[in-house]
1. Modelled label-to-label distance, LEU231 and ALA257, 7 Å Cα→beta-carbon offset: nm?
2. For the pair HIS205/ALA109, report the inter-label distance in nm, with labels modelled 7 Å from Cα in the Cβ direction.
3. Quick one: length gained pulling LEU184 to LEU47 fully straight, 0.36 nm per residue minus the C-alpha distance?
4. State the Cα centre-to-centre distance between the range 243-275 and the range 28-91 in whole Å.
5. Using only the Cα atoms of the range 272-349, build the gyration tensor, take square roots of its eigenvalues as a ≥ b ≥ c, and label the shape rounded, prolate or oblate: rounded if a/c is under 1.5, else prolate if a/b is larger than b/c, else oblate.
Amino acid sequence: MTTAPAALTSTSPGPAAATRWAGARPMVVFVLFGLLVLLALRLSDVLLILFGAVIVAVALRALAWPLESGMRMPPRLAVGVAAALAVAAIVLGSWLVGDRLLEQFDDLARKLPAALSKLVNWARERAVGEALWKVWRGTNADDVPWASLAVAATSTLSALGAVGLVLVVGLYLADDPALYREGLVRLVPPVFRRRMDDALIASGHALSRWLLGQGISMLFVGTATAIGLSLLGLPLALTLGLLAGALAFIPFFGPIASGVLAVLLAFMQGPEQALYVAGLCVLIQQIEGNLLMPLVQRWAVELPPVLGITAAVIFGLLFGLPGVILASPLMVVAMVLVRKLYVEGVLEA
């Protein structure tokens with residue numbers, strides 16, 4: 001009895017099948033990526049909370065790293081000590097300047113309507129301002145939008161609950177990140193697990209370096225704004241500096257919002273003072289963008305300005321205000337994942 005040739009009995013794919021798979025693989029990856037995007041849109045709220053928890057975990061691990069390397073603490077103990085130190089710093093800061101900040105925030109809430117009214121009256125003295133005022137009044141009713149106020153109150157309570165959940169989940173993630181990373185890697189086929197693991201580790205390192213660079217930038221913007229406004233004699237300088245530093249986390253739109261707020265309050269002292277404050281805000285942003293950030297980005301992750309603005313617009317349209325707030329870290333992680341999984345894993349494979 002004759003045996004069939006080995007070429008006829010072999011079950012392994014031939015060269016033609018391998019060639020077809022190599023040509024179809026980018027399309028398969030593209031379709032799978034599209035399905036993942038659709039799934040992410042359906043679960044956007046949950047994914048944003050998880051991503052916020054990842055940011056908290058990365059920040060805690062970065063704070064714990066000096067304790068691990070310098071004092072030889074076990075990783076879990078270092079994370080616990082870092083979290084305790086962060087809470088102690090917040091409590092100490094609240095005890096030292098908390099009362100003053102609360103008073104300034106209350107004063108800010110009282111002065112904003114008067115500042116806006118003065119700006120409107122000044123603008124209506126000009127022909128262009130009067131025309132814009134008529135357009136604005138034509139598109140807004142005089143009645144108080146009680147339904148909108150109720151929705152805003154509900155959204156505020158939901159946001160506070162989400163922040164609490166982010167902090168708790170982030171603490172658990174920071175306690176043992178390898179456990180959750182390995183569980184996520186096991187969801188992909190074995191042949192891709194090594195590359196997925198490398199991509200997740202690289203994303204964590206990139207996010208850690210970006211957070212460190214962004215923290216330096218926020219500290220500079222907040223401190224410089226508070227000092228500059230104090231020298232100009234503007235009230236509420238501490239509160240405005242704190243808001244400017246916090247809003248610097250949001251690319252492009254955050255500095256604009258803090259600058260508009262400072263200029264609006266300065267307008268109560270006259271148009272000339274508002275012009276000085278506007279010049280100060282522009283100067284701080286120029287120093288931060290052209291002098292500080294190039295130095296920081298030599299060892300931190302560089303996010304080009306166009307990508308930062310584009311990310312804020314895209315993620316804002318997809319996920320609303322939380323997407324705008326998390327736009328930059330989302331873009332940092334997306335850049336690393338695309339480079340590791342698609343460019344290096346598919347196009348250059």
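1. It is 2.8 nm.
2. In this crude label model, HIS205 to ALA109 measures out at 4.7 nm.
3. Details: separation 137, 0.36 × 137 = 49.32 nm, distance 1.40 nm.
Additional length available on full extension: 47.9 nm.
4. Cα centres, the range 243-275 to the range 28-91: 31 Å.
5. Working: a/c = 4.00, a/b = 1.77, b/c = 2.26.
The shape class here is oblate.
Quick note: the coordinates plus some simple rules give every number you see, no bench work behind them. Source: prediction; values computed, not measured. Heads up, the Cβs are rebuilt from the backbone with ideal geometry, glycines too, and the neighbour counts pull from every protein chain shown.
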